[in-house]
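Comments concern the structure below.
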Amino acid sequence: MDTGNPEQSKARAMKVRCCVVGGGPAGMMLGYLLGRAGVEVVVLEKHADFFRDFRGDTVHPSTLQVMDELGLIDGFLKLPHEQLQKLEGVFGDTPVRIADLSRLRVKYPFIAMMPQWDFLNFLRDNGKRFASLKVLMSTEATDLIRRGDVVTGVRAKTPDGTIDIEADLTIACDGRHSTIRACAGLEVEEIGAPMDVLWFRAGRRPDEAENLFARVEPGKMLVTFDRGDYWQCAYVIPKGQFDAVKARGLQSLLDDVVRIAPSLKSGIAEVKSFDDVKLLTVAINRLTRWTRPGLLCIGDAAHAMSPIGGVGVNLAVQDAVATANILAAKLAHGCPSEEELDAVRRRREFPTRVTQRMQVIAQNNIISVALKSGGRPLQAPLAMRLVSAVPWLQGQLARLVGVGVRPEHVHSPAQS
């Protein structure tokens, strides 16, 4: 958007050093870190709250380490959560264990299974101590403000009308369907995914203690997360087949779920209609360029991850930590140059590429095989059987999932 737009005069305005668009894990963590460093920052979240039908709910050991380095871990772990150490499942008729986080030599050798809205609310509440941090809910960025080729802020919709936010630096953290990325004309490299996910919840009785994380049968795959009083379920379907699933009817879907996971039989009655089933369109992609002058993309806005391994939240948080480490001190003097902004990509692109490559391998050798098998008997791949038989390999995969490639540590300044 050019600043000469006549509608500009009708908009309210504010000015900050940094405008972060999107209140997900990347945006809220970055806002917290920049506020902690004394940078004047505003985070824009288009919804009125953080509650969503689908949010990644896995907080990995490397993210727990970040919370520890920020002095937040004790309060964080008081929030309701489950602790997951062993990723186990059944592939066909074969029980498998693909990762054992108890083998990690880290301070927090487990994945905290916590609703993402609790994580985000926790960051927002703790960020209130920083006078330089503002979080604006119900504020949706709709366009970029530019002077020539330089991004100088965003225009946003609020319940009270339009607001123009002038910022030395704008950082897009607004997800895989990023409005800001589209406005900037940044090119996306699509890598592809063979599946989508149906996301729903089933009731859980207090005496149910199912340890299986994933179940894979010919043509079907189900992942379940223990939420205490309910099971959060992710039912994997072939890419683009949601309409076909709906055409077969809800009962057909629920019957398939119960056949693959009989323990859900009583609780599945809580799924009353397809309104209770949410579609997650799976994508793996990344930007070829993360920046324009005055603009940086991170998190899913820079690289959408598959839900395989539940690593999306972790990658987003790691991006935010790296961004604050690299840019917080520089922001005290205005907008960093595009070369300085690009240091974030140079730091985070390698972990992104390695993680996405591992997700593609899992897609091609496990998920695609299962979904295309029809009614034929399904045998666990040799590599999966080998990992399941060798505890050391379970530890190595646990490190890849739980810690990731090139984990980040908090080095950004803290204003006294």
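Structure notes:
- Options Thr139, Thr152, Thr94: the member that is under 15 Å from Glu45 (Cα atoms) and in the same structural domain as Thr288 (by TED's automatic domain parsing): Thr139
- Within region 239-246, one or more residues are crowded, with 19+ Cβ neighbours inside 10 Å, outside the structural domain of Val150 (by TED's automatic domain parsing) and either touching a Cys at 6+ places or on another chain (Cβ under 9 Å) or within 24 Å of Leu378 (Cβ to Cβ) (or both).
- Pair list, Cβ < 7 Å and 6+ apart or interchain, from region 92-110 residues that are acidic (Asp, Glu) to residues that are in a strand (DSSP E or B) and surrounded by fewer than 21 Cβ atoms within 10 Å (Cβ to Cβ): Asp100/Lys86
- All of (1) at pLDDT 90 or above; (2) small (Gly, Ala, Ser); (3) assigned to a helix (DSSP H, G or I) hold for Ala414 with one exception: (3).
- Members of region 352-398 found to be outside any helix (DSSP H, G or I), hydrophobic (A, V, I, L, M, F, W, C) and surrounded by 14 or more Cβ atoms within 10 Å (Cβ to Cβ), listed by number: Leu378, Ala380
- Qualifying residue in region 167-184 (condition: over 30 Å from Asp256 (Cα atoms), touching a residue at least 60 places away in the same chain (Cβ under 8 Å), surrounded by fewer than 18 Cβ atoms within 10 Å (Cβ to Cβ) and in the same structural domain as Cys335 (by TED's automatic domain parsing)): no
- Filter result for Asn121 (of a type in the set (S, T, N, Q), touching a residue at least 40 places away in the same chain (Cβ under 8 Å), closer than 19 Å to Asn314 by Cα and surrounded by fewer than 21 Cβ atoms within 10 Å (Cβ to Cβ)): yes
- Test set (1) in contact with a strand residue (DSSP E or B) (Cβ under 7 Å, 6 or more places away or on another chain); (2) assigned by TED's automatic domain parsing to the domain that holds Ile367; (3) of a type outside the set (Ser, Thr, Tyr) - Asp276 fails condition number: (2)
- Candidates are the residues of region 124-136 that are charged (D, E, K, R) and either outside the structural domain of Val311 (by TED's automatic domain parsing) or assigned to a helix (DSSP H, G or I) (or both); the one that is surrounded by the most Cβ atoms within 10 Å (Cβ to Cβ) is Arg124.
- Meets criteria (assigned by TED's automatic domain parsing to the domain that holds Ile326, within 30 Å of Ile145 (Cβ to Cβ) and modelled with pLDDT of 90 or more) for Val16: yes
- Some residue of region 330-337 being crowded, with 18+ Cβ neighbours inside 10 Å and either out of contact with any Leu (no Cβ under 7 Å at 6 or more places or on another chain) or polar (S, T, N, Q) (or both): no
- Residue count for region 133-178, restricted to those that are of a type outside the set (A, V, I, L, M) and touching a helix residue (DSSP H, G or I) at 6+ places or on another chain (Cβ under 9 Å): 16.
- Inspection of region 280-301 finds a residue satisfying the criterion of being more than 12 Å from the chain's Cα centre (by Cα), on the phi > 0 side of the Ramachandran plot, assigned by TED's automatic domain parsing to the domain that holds Glu88 and crowded, with 16+ Cβ neighbours inside 10 Å.
- Per-region count, region 50-86, residues farther than 16 Å from Pro407 by Cβ and either under 17 Å from the mean Cα position of the chain (by Cα) or not in a loop (DSSP other than H, G, I, E, B) (or both): 15
The values are calculated or read from the model by the stated rules, or taken from the named source; none is laboratory data. None of the values given here were measured: they were computed from a predicted structure. Because the Cβ atoms are built from the backbone with ideal geometry, glycine has one as well, and the counts that use them run over all protein chains shown.
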